[in-house]
1. Please provide three numbers in whole Å: the alpha-carbon extents of region 330-385 along the principal axes, with the largest listed first.
2. In region 293-371, if every C-alpha pair distance is counted and binned at 10 Å from zero, what percent goes to each bin?
3. Let me see the pair-distance distribution of region 127-179: every alpha carbon pair, 10 Å bin width, integer percents in order.
4. Compute the semi-axes of the equivalent ellipsoid of region 469-509, taking the square root of 5 times each eigenvalue of the Cα gyration tensor, and list them largest first in whole Å.
5. Assuming R0 = 35 Å, what is the FRET efficiency of Asp519 and Leu216, from their Cβ-Cβ distance, to the nearest 0.05?
6. If you place +1 on the Cβ of every Lys and Arg, -1 on the Cβ of every Asp and Glu, and leave all else neutral, what size is the dipole of region 113-238 about its Cα centre, to the nearest 20 Debye?
7. Which value in Å does the Kirkwood hydrodynamic radius of region 151-196 take, with 1/r averaged over all unlike C-alpha pairs and then inverted?
8. Compute the signed sum of charges (Lys and Arg +1, Asp and Glu -1) over the other residues within less than 14 Å, Cβ to Cβ, of Gln278.
Amino acid sequence: MTTDQPAALTRTLPAPRSAPVQAAVPGPDRAPRSGFLAKAFGITAVLSAAGSGLGLLRDLLLARYFGASQGTDAFLVAWTVPETAAPLLIEDAMSFLMVPAFALALVLREEDPDAPDPVRHLVRATLPWLLLALSGLALVAALGAPQLVELLAPGLPDPGLAVVCTRITAITVLPFGVAGYLAAALRAHHGFTAPAAIYVAYNLGILALLFGFHGLLGVRSAALGVAFGSLLMAGLLVGPFLRRLRAGQTGRGRRGRNALVLMPPALLPVAAFTLTRQSQVFVERYLGSALPPGTISHLNYAAKVSQLAMTAGILICTVTFPLVARALAAGDLTAARDRVEKDLGQAAAVVLLGTAFLMACAPSVVSLLFQRGAFGPQDTAATAAVIRVYSFGLPAQALTGVMIRPYFSLRPVVRRAGDPRAEDGGRRLLDWYPLAAMLLGLGVTVAVGLLATPRFGALGLAAGNAAGITTTSVLLLRGLVLRGIPLRLPRVLGGHARLVVTAAGATALGAAAAGLAADPLFSTLVGGLTVVLAFGVVGTGLGAREVRGPVLAAARALGRRPLRRTSPGPRRPGTPLTALSSVADPMGSAGEALDPPTAADEGKFPDGQ
């Protein structure tokens, strides 16, 4: 594998096609195939929820120990380093690059099982260079900490503490990158358990040092915890990755006539897009540093709570992304389109439900979570107001995360040497379309922030964030069609319109119910239950498929007595024993699915997972 001249690795893929080729699938395989995404999503959701819960506990402890003060502002400026590195090196850029690359290598492995393993070749060609680059970036971030703090928050009254914390958190660049690379490889292999658990390990590391040393080291304990937690993340994935790598084919037959070529230029638009997207945080920190002390902390706490809803929606495409990548690697645009449309609708439904809950119950949620210790009622009111403004941008945040994955999958970091599309100048120009969309959105963020901040303070910054990401989301929706994924825009937009109306109705009813109680816990429970019920009823009435399907399924499940089976029953003639074992234990001994579906298979289930 080379970066300039084709180096033969294995046989090329079949020519791209626009419609899936139906393969004969044995009947017994249908159950585990159709249930794979639900099981994978369940594992990912549980572990991600655990990680998010620990992250929330981390923020609660920060609020309890240090409140919203100059110290927390200094730490949050330093946290910009891991906050930037995490999307760039774990979930976003690294995933956009490496999941399609590993998916292509796996498709090539299936095409020629006797050839040397293309997955191992991919690892040898990319991992050493990645480690070298990450080490250099970590060193540069540590040495340039004073200049970085001055650039990010020139208004800080005490930049010295922020510099110390920044040098500590710079360590995270290397383990974050390793964790992102290994997680992408495992997800491409349909292994979701270990990647979903990395944030559990990360936050446990932070909590351990925060609990033990907050009195002795102050906010420096949180910075040390961030560095320690990042090392735990990478360490958790090494074992599963090595097992997958050793389990690959060891064929030593002839190499294919065509080549798998590494394309370093594909890194640039992905990295530039991710950094530009993260620049929204830079804008907030920069403008917020000139506002009263504690403003940056209010924005941070509001963002952490608001993003819980967005994260739930992104989990859907985290699980389905390898399917889309494999479909695109094989040229199956129809199956990829069906899956992307489904992801857009399901992610929008989940995020809008969360948005309705936050808008209706923000004051009681913030009071319940944060109002204790150094975090007082004024901090609660300020944070709740920011959450409500932030929430207007949450659907766009989630949809941007869904759309950018298939967009970059069409031109991964590796390609087949004989692919004529790779030399198309127009296609290469389109690689930069997401960056242009993000730059326009960032321009909106800056403009709204500059105009609104003098009068509205933190609310103006939040409004700029929501307006900017919404602009980007609209442009990316158009970009997917230009890229070659034939989305049916009237169908997509009509479904989203029904979901928005549903969320508006649920918000109004939930806010009215939450206002009936003064106790934060009771108000949150009543308001939240009202939002969920109203969302289900209104969405079903409006015919929103993403709401109507689960509601009717739940009604059918409640309307019949469940059947109980104490044994798998007799084996049907012609049913392979392996198929029966996958039905009895669909997640296998290691918690990962034995028989995942293809994107074409998934496209046959139009009502969801």
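1. Result, largest extent first: 56, 21, 14 Å.
2. Bins of 10 Å from zero give 17, 35, 23, 16, 8, 1 percent of pairs.
3. Cα pair-distance distribution for region 127-179, in percent: 26, 44, 23, 7, 0.
4. Over the Cα atoms of region 469-509, the semi-axes work out to 26, 13, 5 Å.
5. In this case the efficiency is close to 0.45.
6. 100 debye
7. The Cα-based Kirkwood calculation yields 13.1 Å.
8. It works out to a net charge of -2.
Readers should treat all values here as calculations from the given coordinates under stated rules, not as data from a laboratory. Keep in mind it's a predicted model, so treat the numbers as computed, not measured. So basically every Cβ, Gly included, is an ideal-geometry build from the backbone, and we count neighbours across all protein chains shown.
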